[in-house]
Structures are given as structure tokens and as C-alpha cells.
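Following: one structure in C-alpha cells, then a few remarks.
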Amino acid sequence: MIMFKLPDLPYEYDSLAPYISADIQHLHHTRHHATYVKNLNDALTSYPELQNKSIEEILTSLSTLPEEIKTVVRNNGGGHYNHSQFWQMMHPKGGGDPTGSLKNALEDQFGDIKTFKEDFSKSALKIFGSGWQWLVLENGKLTLTTTPNQDSPLTEGKIPLLGLDVWEHAYYLQYYNKRPDYIDAWWNIVHWEDVAKRLSDSHITK
């Protein structure tokens, strides 16, 4: 029984070039993300009571999972969820600056969009090893946070609005060890409409 499936990308593998190459996207999607999905399904094979739950339900209740699968589900369920969101958070016609209520919310919290981007990038650069940089909604407030490995903000009760994968597999084929260059390039494909929708769906009003 297949519980979770690898989602299709919302664009072609080469659509984010030159900022992220087709080779990276293909490897990232068909190998790394696909492996997380396979490992997650394998872990849930003997637990039919978990097979009809959404990935969000599973990740927000990790503490209740059987001990023998808890770590596998945390790592691979988180990897599946994080990447499923990541693909949506980028777009070939992305970049620029946010507008509307998202712009206002970011300016209220960070002062201006330039400062927000700088703070986000600096935090992403400081992540040691593998992990994710996030803009999240926490208790009705926009804030920056990081998660190690494939941990999801959902497990901490935070709603992810924008995330950046800083695992080396996300950029090494193109940028080698130059994470700053990868981060700078990534801003050119951020899908602000997706971020704005996530904020709107969270029922946050100014």
C-alpha cells in the first residue's frame, strides 16, 4: 500500500535556471525527496492506524508515535513535508519583493523588506551542517527560525511560510561550497504569492 506519493514539481526541472540548475532539481526531486517518501511509507507499513493520517497530522504528533519508528518518521516525514513545501515556495517568475498584506506584515516585524532578507540570509548562513531556514508564524507573530536536518517547524507548533533548504544536495552541484552565492541567487525565484497565501490561510489580519 502506498500511503504517500512524490508530488510533481509545479514547473519543469530547468524552469528555475540559471538560479537553480536542472541537474540539481532533477537529483533533488527524484532521488532525495523520493527517498524520503519511500522510507516514510516503509516505516508506516506495519501501522495501519497511521496510514490514513496526513503528513501534517503525523508531524504534529510525533511524541505519540511508536518508539521504533519515531526517528525514521521524524527524519523522512519531515523531509517529505519540507520538500513538498519548498517546491511550491519557488517559481520561475518569482523574485522581487512581496506586496500587499505580506509586505505590510514583514515591514511591521522587520522594519523593511531589505532588513528581512538580510536577517533571513544571515541566519541561513549560520546553520552548521544541514538544515533549513524558515520564516514562520508563531503565536500570531512572524519570526525567523531554523531547523536541523529535516525537522519541520510543525513539530514545534509553528506554521512555515517560507523555507530555504541549505543541505548541500540543494546547491553543491552548481555552487559547490559557496552557500552565500546560493542564498543570494535563491531570492530571485522566491514565490511571494505562495508565501502570501500561506499567511492569508493562517487567518492573520492586521
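Coordinate-derived values only; no laboratory data. None of these values were measured; they are calculated from a predicted model. Because the Cβ atoms are built from the backbone with ideal geometry, glycine has one as well, and the counts that use them run over all protein chains shown.
A straight Cα-to-Cα reach below 13 Å connects K158 with the aspartates and glutamates E56, E138, residues fewer than 8 places away in its own chain not being considered. With contacts taken as Cα pairs under 8 Å and at least 6 residues apart, the chain reaches a relative contact order of 25 percent.
Would you mind ranking Y172, Y19, Y36 so that the residue whose beta carbon has the fewest other beta carbons within 10 Å leads the list? Let's see the in-between values first.
Numbers: Y172 15, Y19 18, Y36 22.
Neighbour counts put them in this order, fewest first: Y172, Y19, Y36.
Note down the net charge around V37, summing +1 for each Lys or Arg and -1 for each Asp or Glu among other residues with Cβ under 14 Å from its Cβ. Result for the neighbourhood of V37: +1.
If you average 1/r over all unlike Cα pairs in the chain and invert the result, what Kirkwood radius do you get in angstrom? Kirkwood hydrodynamic radius for the chain: 17.6 Å. Summing charges over neighbours of W192, with a neighbour being any other residue whose Cβ is under 10 Å away from its Cβ, gives -1 when K and R count +1 and D and E count -1. Assuming charge only on the beta carbon of Lys and Arg (+1) and of Asp and Glu (-1), the dipole of the chain about its Cα centre is about 140 debye to the nearest 20. Where does the charge balance sit around Q174 when Lys and Arg score +1, Asp and Glu -1, over other residues with C-beta under 15 Å from its C-beta? Net charge around Q174: -4.
When only Cα pairs below 8 angstrom with a gap of at least 6 residues are kept, the range 100-201 shows a relative contact order of 24 percent. The lysines whose alpha-carbon is closer than 19 Å to the alpha-carbon of K70, local same-chain residues fewer than 8 away aside, are K38, K53.
A helix-only calculation puts the chain at -13000 deg cm²/dmol for mean residue ellipticity at 222 nm, using -39500 (n - 2.57) for each DSSP H run of at least four residues, averaged over all residues.
Annotation: average projected area of the range 1-98 is 7.2 square nanometres, based on the convex hull of Cα atoms across all directions. Which of T64, P48, A22 sits closest to the plus end of the dipole of the range 22-88, meaning its Cα is farthest towards the positive end, when Lys and Arg get +1 and Asp and Glu get -1 on the C-beta? Highest projection toward the positive end goes to A22. For K178, go through the lysines and keep the ones whose alpha-carbon is under 22 Å away, minus same-chain ones fewer than eight residues off. Straight-distance partners of K178: K114, K117, K122, K126.
Per residue, the convex hull spanned by the Cα atoms of the range 86-149 measures out at 109 cubic angstrom. Between 0 and 90 degrees, rounded to the nearest ten: what's the tilt of helix 67-88 against the longest Cα principal axis of the chain? Relative to the chain, helix 67-88 is tipped by roughly 40 degrees.
Here the range 92-206 is described by how far its Cα atoms reach on the three principal axes: 41, 31, 24 Å, from widest to narrowest.
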